[in-house]
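Working notes, beginning with the structure itself.
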Amino acid sequence: MLAKTIICITGMPGAGKSTIVSKLVEIGFEKFTLGDGIRAKAKRRNIEQSGENLGKLMLEVREKNGPGAVAELIKDSIQNSVQDVVIIDGVRSTAEIDVLKKVGDVKLLAVQASSEARFNFLSSRGRSDDPKTRESFEERDDREIGVGIEESIKIADKTITNHNLTIDELVNSAKEIIENWTK
């Protein structure tokens with residue numbers, strides 16, 4: 001077994017991944033976000049960080065460098081981490097998981113929520129790439145599905161269904177799963 005344990009959180013946008021991850025960071029976990037690799041690339045290219053632009057850039061990076069390319073953007077940072085257990089927010093494809101398996105022992109946690117709950121959360125969250133309309137929400141979902149997120153969700157080691165859970169219940173479910181994986 002490789003020394004580093006990489007806990008990958010997957011799920012459709014707005015399911016609760018970032019909520020879980022932010023609470024895990026508060027208790028000492030180090031996180032890496034695949035979207036941050038794309039946002040950093042957009043910043044270097046002086047591209048406005050709208051959802052549409054970031055989505056196009058993600059697809060461009062994958063088309064040019066392969067389906068695992070977004071994970072490649074953060075691979076060195078993960079390897080250089082001093083933490084034995086790191087959290088990856090936003091894994092979208094099995095190709096990204098395969099890239100991360102070269103760095104450590106990967107565990108995949110899926111978070112699922114209804115389309116309505118996800119839209120309501122995202123439209124009120126306020127991040128630059130969040131959808132403001134149902135149409136842009138559905139376009140984003142289609143883009144995520146197009147890069148393989150459904151397969152990542154399907155092959156997850158564990159799944160949390162975020163249906164009427166409080167934030168504490170959601171986070172405690174994730175912490176319990178991660179504790180069992182890292183014993």
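For N46, the conditions (1) buried (at least 16 other Cβ atoms within 10 Å of the Cβ); (2) free of Cβ contacts under 8 Å to residues at least 60 places away in the same chain; (3) on the phi > 0 side of the Ramachandran plot all hold with the exception of (1). Only one of (1) within 15 Å of Q83 (Cα to Cα); (2) of a type outside the set (D, E, K, R); (3) over 16 Å from the mean Cα position of the chain (by Cα) fails for A42. Which number is that? Unmet condition: (1). Here D105 qualifies as among the acidic types (D, E), under 16 Å from C8 (Cα atoms) and surrounded by 14 or more Cβ atoms within 10 Å (Cβ to Cβ).
Please indicate, with yes or no, whether at least one residue in region 12-27 is in a loop (DSSP other than H, G, I, E, B), open to solvent by less than 20 Å² (accessible area, probe 1.4 Å) and out of contact with any Asp or Glu (no Cβ under 9 Å at 6 or more places or on another chain). Within region 12-27 (the criterion being in a loop (DSSP other than H, G, I, E, B), open to solvent by less than 20 Å² (accessible area, probe 1.4 Å) and out of contact with any Asp or Glu (no Cβ under 9 Å at 6 or more places or on another chain)), the answer is yes, since at least one residue qualifies. Across region 79-92, the number of residues qualifying as part of a loop (DSSP other than H, G, I, E, B) and in contact with a Ser or Thr (Cβ under 7 Å, 6 or more places away or on another chain) comes to 2. Residues in region 119-136 that are in contact with a helix residue (DSSP H, G or I) (Cβ under 8 Å, 6 or more places away or on another chain) and closer than 21 Å to C8 by Cβ: L122, D129.
Among the residues of region 54-78, those that are touching a residue at least 40 places away in the same chain (Cβ under 8 Å) and either loosely packed, with under 13 Cβ neighbours inside 10 Å or in a helix (DSSP H, G or I) (or both) comprise L54, G55, M58, L59, R62, I74, S77, I78. Mind listing whichever residues of region 93-116 are of a type in the set (G, A, S), part of a helix (DSSP H, G or I) and under 17 Å from L165 (Cα atoms)? Within region 93-116, S115 is the sole residue that qualifies.
When region 79-102 is filtered for residues that are without any contact (Cβ under 8 Å) to a residue 40 or more places away in the chain and either among the hydroxyl-bearing types (S, T, Y) or open to solvent by less than 40 Å² (accessible area, probe 1.4 Å) (or both), only V99 remains.
The values are calculated or read from the model by the stated rules, or taken from the named source; none is laboratory data. Since the model is a prediction, treat every value here as computed from it, not as a measurement. Ideal geometry is used to build each Cβ from the backbone, glycine not excepted, and the neighbour counts take in all protein chains shown. Heavy atoms of the whole protein, side chains included, go into the accessibility calculation; ligands, DNA and RNA do not. Shrake-Rupley method; radii C 1.70, N 1.55, O 1.52, S 1.80 Å.
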